[in-house]
């Protein structure tokens, strides 16, 4: 039997609010909920927090693109998403961690209800959401490799994305004057 | 004392993605020492990306450096054991909500481990990612960073700090500037522009260097 879901109360609260935000197309709230989960993900590094952060953020990005709702498979896709969220809430309330994890996984698999371009777009959104959340965890202070390992991506992907986020500009990150470090390198090659 | 430059994954990745690995063989000429990577780093910069089309070329370019003897995969007998020791030390340095925060993975840990095992070498770590560098140079800043991002109190185990504080770190950005200053990188631009281009290229491919540091660097050239 796998371990329990950490911070169960918090996770339930996030899922309930996410469901409400999806129904009202409240993208801002969805993104905030995802950010909230990232704090837990950085500390506990459990797959549940990570999955929820990624899925909620991906749904925010999918809903944000209003043109997707014109695709014929859109209602089928959203129905599958809503069903999985309802089931995830219900299973977590019953402390059925294994079923809960399958339900969260099913949200991602709901993309299979779509076809053609919509399916490709949504898959792309989910992939980018993974890298976006990885970048957020890296910003929180976890190392590049550890973060890549947690999210199941390569350090190459994360490095490429993180380079554009200004992570090095955080004042706490500046630990030595450039001249001193350059001098160290220069002296080493004399 | 022989010299050793130990590269972690992040620095190799920055160089590879900027097509600047070619600088390494030139730097190595006349250098009394070795350029090392660990097997754990090799896994991240060659073995895994070789299976991913998007990064296959970069992986092959790094592999080429090994085949040419520019980069050596160094795997002393006790590296695995020492890597695990480092990983445990690093990953018990900070705690929040009574939970130890895992901050380093095996690749990063292996670089510290190798530096520690090469007692007869004068070693320099080449690390572009931020966490390892902060762990060495200002762990208190890393604790503050965690606190500000996690919005909760973070405790630091100062006992473990000792292992890391003697490491010396540079980045691929400094390596590129050394190469430039030695005439090993030629660019059709005045020095200031060339320096700016090299440093922003490293920054945008993941090297943790700030705009402020880049401005500082440009004043040196």
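Readers should treat all values here as calculations from the given coordinates under stated rules, not as data from a laboratory. Since we're looking at a predicted model, the values are computed, not measured. As a convention, Cβ positions derive from the backbone with ideal geometry for all residues, glycine included, and neighbour counts pool all protein chains shown.
Annotations
- Classified by the C-alpha gyration tensor, region A:50-107 has a prolate form. Its axis ratio a/c, with a ≥ b ≥ c, is 1.5 or above, and a/b is larger than b/c.
- Working from Cα pairs under 8 Å separated by at least six residues, relative contact order for region A:1-149 is 26 percent.
- Taken along its principal axes, the alpha carbon cloud of chain A reaches lengths of 66, 38, 27 Å, longest axis first.
- Cα centroid of region A:1-61 to Cα centroid of region A:93-117, whole Å: 14
- 5 Å-binned pair-distance histogram of region A:92-190 (Cα, whole percent): 2, 10, 14, 13, 14, 16, 11, 6, 4, 4, 4, 2, 0, 0
- Mean separation of Cα contacts under 8 Å (6+ apart) over length of chain B, as relative contact order %: 25
- Distance between region B:189-219 and region B:95-128 - C-alpha centres, whole angstrom: 26
- Simple spin-label estimate for residue B:75 and residue A:164 in nanometres, 7 Å along Cα-Cβ: 3.7
- Helix axis angle, B:139-150 relative to chain B longest principal axis, alpha carbon, degrees: 80
- Model label points for residue B:51 and residue A:3, set 7 angstrom from Cα along the Cα-to-Cβ axis, are 2.6 nm apart.
- Averaged over residues, the count of other Cβ atoms within 10 Å places the peptides B:51-57, B:36-42, B:1-7, A:9-15 in the sequence B:36-42, B:1-7, A:9-15, B:51-57, highest first.
- Per residue of peptide B:105-111, the mean number of Cβ atoms on other chains within 10 Å of the residue Cβ is 4.
- Chain A: most fluctuating residue of A:48, A:103, A:95 per GNM, C-alpha cutoff 10 Å: A:95
- Viscosity 1.306 mPa s, temperature 10 °C, Stokes-Einstein D of region B:1-91 from Kirkwood C-alpha radius, µm²/s: 114
- Full extension of the chain between residue B:3 and residue B:189 yields a length gain of 63.7 nm, computed as 0.36 nm times the residue separation minus the alpha carbon distance.
- Using C-alpha pairs under 8 Å with a sequence gap of at least 6, the mean separation divided by the residue count of region A:73-190 gives a relative contact order of 18 percent.
- Ratio of Rg to Rh over the protein assembly as shown (Cα coordinates, Kirkwood Rh, two decimals): 1.01
- Relative protection proxy for B:25-34, B:125-134, from highest mean packing down: B:125-134, B:25-34 (other beta-carbon atoms within 10 angstrom).
- Helix A:97-109 vs. chain A, principal-axis angle (Cα, 0 to 90°, nearest 10): 90
- Counting Cβ atoms of other protein chains within 10 Å of each Cβ in B:8-17 and taking the mean gives 4.
- Shielding of peptide B:209-217 by partners, expressed as the average count of other chain Cβ atoms within 10 Å per residue Cβ, is 5.
- Most simply put, region B:1-146 has about 15% antiparallel DSSP beta bridges, counting only bridges with both residues inside it.
- Rg ratio (alpha-carbon, reference 2.2 N^0.38 Å) - chain B: 1.04
- 0 to 90° range, to nearest 10: angle between helix A:74-93 axis and chain A longest Cα axis: 80
- Using only alpha carbons, region B:98-192 has a radius of gyration to Kirkwood radius ratio (Rg to Rh) of 1.08.
- Antiparallel bridges, percent of DSSP beta bridges restricted to the protein assembly as shown (to nearest 5): 25
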